[in-house]
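The structure appears below as structure tokens.
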Amino acid sequence: MNDFVPKYAFFISGTGSHADRLQAFDQALLDAGPLAHNLVTVSSIMPAACEVIGPEEGFQRLTPGQITFCVMARQDTNVTNEYASAAVGVVKTEDPAKFGYISEYHGDAAGSDAAKEIAVRLAIEMYERKIKTAVKDLAMERMEATAASIKQPGDATWVSAVALCIFVI
């Protein structure tokens with residue numbers, strides 16, 4: 001058995017604002033959940049037998065300071081009245097032997113619903129290209145996204161949106 005194949009995954013998102021860009025990003029992470037982990041970003045494959053759990057259970061399975069793998073979408077801006085939107089979409093079949101796909105959206109979609117729609121569309125398109133089969137021909141367990149979006153308030157403030165799929169090894 002491979003020790004680096006995640007057994008669980010959960011999804012979180014949040015927003016933050018601050019005069020400093022890094023502080024806005026940190027506030028977005030804290031808004032997403034009690035993150036006290038060393039995040040390592042990875043690419044987009046949802047392991048075949050990986051079970052999706054809720055954030056509360058996910059955080060209970062992690063230890064503060066732990067190296068934690070994630071797929072992260074992040075968007076920051078200080079442009080007047082521009083949106084910072086981030087979303088992570090996932091598609092996964094009902095077949096536990098088949099892998100799924102996770103997409104990231106980073107952009108200026110006007111709100112989290114729009115960002116979710118884009119992330120799910122991207123996940124479907126990329127998954128279909130990867131497996132060379134249309135998802136309409138498969139029994140799907142999930143096709144969904146988590147997203148965050150914040151509008152820059154018109155001053156010098158930085159705003160940040162993050163969305164993450166956190167893996168639990």
Completion exercise
Selection from the stretch 87-99 of residues out of contact with any helix residue (DSSP H, G or I) (no Cβ under 7 Å at 6 or more places or on another chain) and either loosely packed, with under 14 Cβ neighbours inside 10 Å or outside any loop (DSSP other than H, G, I, E, B) (or both) yields Lys92, Thr93, Glu94, Asp95, Pro96, Ala97
Practice task
Could you tell me which residue of the stretch 86-134 is farthest from the chain's Cα centre (by Cα), considering only residues that are closer than 17 Å to Val52 by Cβ and among the polar types (S, T, N, Q)?
Solution key: Thr93
Exercise for the section: Return yes when Leu164 is over 14 Å from Gln75 (Cβ atoms), surrounded by 17 or more Cβ atoms within 10 Å (Cβ to Cβ) and among the aliphatic types (A, V, I, L, M) and no when it is not. Expected result: no
Practice task
Determine the pairs where a residue that is under 30 Å from Asp3 (Cα atoms), located within the stretch 67-79, has a partner that is of a type in the set (Asp, Glu) and assigned to a strand (DSSP E or B) with Cβ atoms under 6 Å apart, the partner being 6 or more residues away or on another chain.
Solution key: Ala73/Glu104
Problem - Matching option when the condition is in contact (Cβ under 8 Å) with a residue 40 or more places away in the chain and either buried (at least 21 other Cβ atoms within 10 Å of the Cβ) or assigned to a helix (DSSP H, G or I) (or both), among Ala84, Ala156 - result: Ala84
Exercise for the section: State yes or no: is Ala147 in contact with an Asp or Glu (Cβ under 8 Å, 6 or more places away or on another chain), modelled with pLDDT of 95 or more and more than 20 Å from Ala24 (Cα to Cα)? Expected result: no
Practice task
Would you please list the contacts, defined by Cβ atoms under 7 Å and residues six or more apart or on different chains, that run from a residue in the stretch 16-39 that is under 18 Å from Asp76 (Cα atoms) to a residue that is at pLDDT below 95 and buried (at least 18 other Cβ atoms within 10 Å of the Cβ)?
Solution key: Leu29/Leu35
Completion exercise
Of the candidates Val5, Val71, Val52, the one satisfying the condition of being crowded, with 20+ Cβ neighbours inside 10 Å, aliphatic (A, V, I, L, M) and within 30 Å of Met140 (Cβ to Cβ) is Val71
Exercise for the section: Tell me which residues, restricted to the stretch 114-136, are part of a loop (DSSP other than H, G, I, E, B) and either closer than 14 Å to Gly89 by Cα or of a type in the set (Val, Ile, Thr) (or both). Expected result: Thr133
Exercise for the section: All but one of (1) touching a strand residue (DSSP E or B) at 6+ places or on another chain (Cβ under 6 Å); (2) closer than 25 Å to Gly16 by Cα; (3) loosely packed, with under 14 Cβ neighbours inside 10 Å hold for Ala119, so report the exception by its number. Expected result: (3)
Fill in the blank from the handout: Restricting attention to the stretch 23-48, the residues that are exposed (fewer than 15 other Cβ atoms within 10 Å of the Cβ), assigned to a loop (DSSP other than H, G, I, E, B) and more than 14 Å from the chain's Cα centre (by Cα) number exactly 3
Practice task
Within the stretch 54-81, work out how many residues are within 14 Å of the chain's Cα centre (by Cα) and either more than 11 Å from Tyr8 (Cα to Cα) or not in a helix (DSSP H, G or I) (or both).
Solution key: 9
Fill in the blank from the handout: Considering residues that are out of contact with any Phe, Trp or Tyr (no Cβ under 7 Å at 6 or more places or on another chain), over 16 Å from Ala147 (Cα atoms), hydrophobic (A, V, I, L, M, F, W, C) and modelled with pLDDT of 95 or more, the number found within the stretch 20-35 is 1
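The values are calculated or read from the model by the stated rules, or taken from the named source; none is laboratory data. Not measured: the values here are computed from a predicted model. Note: ideal-geometry Cβ built from the backbone for every residue, glycine included; neighbour counts use all protein chains shown.
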